[in-house]
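The values are calculated or read from the model by the stated rules, or taken from the named source; none is laboratory data. Remember, predicted model here, so these are calculated numbers, not experimental data. When we count neighbours, we look across all protein chains shown, and the Cβ atoms used for this are built from the backbone with ideal geometry, even at glycine. Heads up: the accessible areas ignore ligands, DNA and RNA and are worked out on the full protein's heavy atoms, side chains in. Shrake-Rupley method; radii C 1.70, N 1.55, O 1.52, S 1.80 Å.
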Amino acid sequence: MPRNRFLTLVVLLAGALGAVPLRAADEDPWAILENARSLARGPRRWSARQAVLTLSTTDTAEAPPAPTRIALFQRRNGDDEETAAFVREPAALAGHALLLHAHGARPSEAWRFDPARGPAEAVAGETLDAAVAGTPLTFRDLDLLARMWSWTPADADATLRGRENIDLEAAWAIELAPKSPDVRYRRIVVWIGAHDAIVREIHLVGTGTLPDRRIRMTRIRDEGAVPWIETLEIEARAPRRTTRIDVTDVRFNAAVPAETFTPAGLARGEPGS
């Protein structure tokens, strides 16, 4: 259902990691990943973030729906990150909202709010395996994307494939083989910029050789203290589907009421509206 698409935006916006050049001596997959994580915790650190997201989805089976505009609010404390998303457009979805609490490598918690259904509902059980409406991802995919940045060698085997170009940018290609049977993908491939340590592309690969899901950061804004994703695309191989997310009006470290990041706060609507 359309209300479920917010979690896609939430998790993937959080995927842009901070940046400094990587040295040749750092050609170890866990060292490269830790370098990116340490930048996010240090010089690229932020405690709060706001943005407006525009979501457009196309596939081969039907005409694309009207774009959806979302107001996004996030706050971060260590490995914990809370995100609240509120629909602005289209009018038929106004008032829908979603809350995500991510806890590093531990499972995330999510709630969704539909004004017609009463209090916010937890996203759990069979809903985790459902496709996020209008997008190529399931809720389990989104939880995986939130947790994998905190993995250690206890969670996955990591292999450095070497330097490969992504949109003419040199990047380290790292393959992760998850150890948990709960992860539905055999391999996860991540490309991290060799000169800026920003994530450029992610492939989620099942039993075949081609990725089941492909996530590309097509435009990155590198102005000010913290680089951020300006445009990203999510592609599914079968059935063929593409979701494009455009990010605008990004603000860092502006105060947001604490109640915004609670299930009850979803019913109160976008802060300041």
(message) I'd like the residue in the stretch 87-120 that is out of contact with any strand residue (DSSP E or B) (no Cβ under 6 Å at 6 or more places or on another chain) and open to solvent by 50 Å² or more (accessible area, probe 1.4 Å) and, out of all such residues, is nearest to Asp155 (Cα to Cα).
(response) Arg106
(message) Pull out all pairs, ordered by first then second residue, where Cβ-Cβ is under 9 Å, the residues are six or more apart or on different chains, the first lies in the stretch 250-273 and is of a type outside the set (Ser, Thr, Tyr), and the second is in a helix (DSSP H, G or I) and open to solvent by less than 50 Å² (accessible area, probe 1.4 Å).
(response) Pro257/Gly265; Ala258/Gly265; Glu259/Gly265; Leu266/Thr260; Arg268/Thr260; Glu270/Thr260; Pro271/Thr260; Pro271/Gly265
(request) Residue by residue through the stretch 65-110, note down the ones that are charged (D, E, K, R), free of Cβ contacts under 8 Å to residues at least 60 places away in the same chain and closer than 16 Å to Ala258 by Cβ. (result) Arg76, Asp80
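Got a sec? Which of Arg214, Arg219, Arg251 is in a strand (DSSP E or B), open to solvent by 50 Å² or more (accessible area, probe 1.4 Å) and under 25 Å from Asp129 (Cβ atoms)?
Details: Arg219 fails: under 25 Å from Asp129 (Cβ atoms); Arg251 fails: under 25 Å from Asp129 (Cβ atoms).
Result: Arg214 is the single residue among Arg214, Arg219, Arg251 that is in a strand (DSSP E or B), open to solvent by 50 Å² or more (accessible area, probe 1.4 Å) and under 25 Å from Asp129 (Cβ atoms).
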(request) Restricting attention to the stretch 222-248, report how many residues are closer than 28 Å to Asp59 by Cβ, open to solvent by less than 40 Å² (accessible area, probe 1.4 Å) and in contact with an Asp or Glu (Cβ under 8 Å, 6 or more places away or on another chain). (result) 8
(request) Sort out which residues of the stretch 201-231 are of a type in the set (Asp, Glu) and without any contact (Cβ under 8 Å) to a residue 24 or more places away in the chain, and write them in order of number. (result) Glu223, Glu230
(message) So Ala146 ticks every box in (1) within 21 Å of Ala236 (Cβ to Cβ); (2) more than 17 Å from the chain's Cα centre (by Cα); (3) among the small types (Gly, Ala, Ser) but one. Which box is left unticked?
(response) (2)
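Going by the conditions given, is Arg163 out of contact with any strand residue (DSSP E or B) (no Cβ under 9 Å at 6 or more places or on another chain) and of a type outside the set (Ser, Thr, Tyr)?
Numbers: out of contact with any strand residue (DSSP E or B) (no Cβ under 9 Å at 6 or more places or on another chain): no; of a type outside the set (Ser, Thr, Tyr): yes.
Here the answer is no, as Arg163 does not meet what is asked.
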(request) State which residue pairs qualify: first residue within 20 Å of His101 (Cα to Cα) and inside the stretch 139-158, second residue in a strand (DSSP E or B) and among the β-branched types (Val, Ile, Thr) in any location, beta carbons under 7 Å apart, and separation of 6 or more residues or different chains. (result) Met148/Ile188
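Would you be able to tell me the number of residues in the stretch 99-131 that are in a strand (DSSP E or B) and within 12 Å of Ala267 (Cβ to Cβ)?
Our first condition is that a residue be in a strand (DSSP E or B); within the stretch 99-131, this holds for 99-103, 106-113, 121-122, 131.
Now drop any that are not within 12 Å of Ala267 (Cβ to Cβ), which leaves 99, 111-113, 121.
Looking only at that region, the number is 5.
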(message) Condition first: surrounded by fewer than 17 Cβ atoms within 10 Å (Cβ to Cβ) and free of Cβ contacts under 8 Å to residues at least 24 places away in the same chain. Can you find one or more residues in the stretch 189-197 that meet it?
(response) no
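What residue, among those in the stretch 91-109 that are of a type in the set (Gly, Ala, Ser) and in contact with a Phe, Trp or Tyr (Cβ under 7 Å, 6 or more places away or on another chain), is farthest from Ile70 (Cα to Cα)?
Restricting to residues being of a type in the set (Gly, Ala, Ser) and in contact with a Phe, Trp or Tyr (Cβ under 7 Å, 6 or more places away or on another chain), the top hit is Ala105.
Of these, Ala154, Ala177, Ala110, Ala171, which one is at pLDDT below 90 and out of contact with any Pro (no Cβ under 9 Å at 6 or more places or on another chain)?
Numbers: Ala154 fails: at pLDDT below 90; Ala177 fails: at pLDDT below 90; Ala171 fails: at pLDDT below 90.
Just a single option satisfies the conditions, and that option is Ala110.
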(message) As an exercise: evaluate Thr58 against (1) of a type in the set (Val, Ile, Thr); (2) within 26 Å of Trp149 (Cβ to Cβ); (3) open to solvent by 50 Å² or more (accessible area, probe 1.4 Å) and give the number of the one condition it does not meet.
(response) (2)
(message) Checking the structure you have, find out if any residue of the stretch 160-183 is surrounded by 19 or more Cβ atoms within 10 Å (Cβ to Cβ), out of contact with any Ser or Thr (no Cβ under 9 Å at 6 or more places or on another chain) and aromatic (Phe, Trp, Tyr).
(response) yes
(request) Among the candidates Val190, Val226, single out the residue that is within 19 Å of Arg41 (Cβ to Cβ), aliphatic (A, V, I, L, M), within 17 Å of the chain's Cα centre (by Cα) and modelled with pLDDT under 90. (result) Val226
